[in-house]
Amino acid sequence: IQINVQYANSYSDAAQGKTIASAMYADGDDVIFTAAGGTGNGVFAQAKALNQKQTADKKVWVIGVDRDQKSDGNYTDKNGNKSNFTLASAVKEVGQAVIDISKKAQAGKFPGGKTVSFGFKEHGVYLAKDSMSSSVWSAVQAAKKKVESGSIKVPIHPKSYASVQ
């Protein structure tokens, strides 16, 4: 795969998200992972506009973020077939962090001044299957187990992805 990173410099500009998505899809990008708050609404709007003009076998995809965005990917293609373009959603379980920190504070063990991470193992994030095939979902689950066990290390401060291929 080739990774193409774009920044909207906003979490609330849906028009900017749509403009960036339009350019990325026009450049041949198949999937956009939109970690951009309300700006991501423009990405979904652009994917829907494109997908409605073509058949489902030629669709562009979006990976949702923060919540399961499968319902945001519902559309009807040019032949009248209902489909979905949300490939998956990376979901943040902020409530897990609130519960954990609250319990620690109540027990007099508030971790002030420390960085606390809530990943797969701590149930702080999960991936919603959405439109992934069963075989891809199985591979994702296998990788998730490796992340949880520590055999795959996820960097906290990754290097620039602009040059990764």
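Which one of these is over 30 Å from Thr55 (Cα atoms) and hydroxyl-bearing (Ser, Thr, Tyr): Ser131, Ser151, Ser89, Ser135?
Of Ser131, Ser151, Ser89, Ser135, the one residue that is over 30 Å from Thr55 (Cα atoms) and hydroxyl-bearing (Ser, Thr, Tyr) is Ser151.
Just need a number here: residues in region 33-52 that are within 21 Å of Lys78 (Cβ to Cβ), crowded, with 16+ Cβ neighbours inside 10 Å and not charged (D, E, K, R).
7
Does region 33-58 hold any residues that are more than 25 Å from Asp13 (Cβ to Cβ) and not acidic (Asp, Glu), and which are they?
Those that are more than 25 Å from Asp13 (Cβ to Cβ) and not acidic (Asp, Glu): Gln54, Thr55, Ala56, Lys58.
Would you please list the contacts, defined by Cβ atoms under 7 Å and residues six or more apart or on different chains, that run from a residue in region 47-67 that is at pLDDT 95 or above to a residue that is surrounded by 15 or more Cβ atoms within 10 Å (Cβ to Cβ) and among the basic types (Lys, Arg)?
Asn51/Lys59
Out of the strands (runs of 3 or more DSSP E) lying entirely within region 53-139, which hold 2 or more residues that are in contact with a Lys or Arg (Cβ under 8 Å, 6 or more places away or on another chain) and surrounded by fewer than 16 Cβ atoms within 10 Å (Cβ to Cβ)?
Ranges flagged: 74-76.
Which condition breaks for Tyr126 when tested against (1) under 28 Å from Asp30 (Cβ atoms); (2) over 18 Å from the mean Cα position of the chain (by Cα)?
Exception for Tyr126: condition (2).
Quick one: in region 140-165, of everything that is surrounded by fewer than 11 Cβ atoms within 10 Å (Cβ to Cβ) and closer than 18 Å to Gln2 by Cα, which residue is modelled with the lowest pLDDT?
Gln165
The values are calculated or read from the model by the stated rules, or taken from the named source; none is laboratory data. As the structure is a prediction and not an experimental result, all values here were calculated from the model. Because the Cβ atoms are built from the backbone with ideal geometry, glycine has one as well, and the counts that use them run over all protein chains shown.
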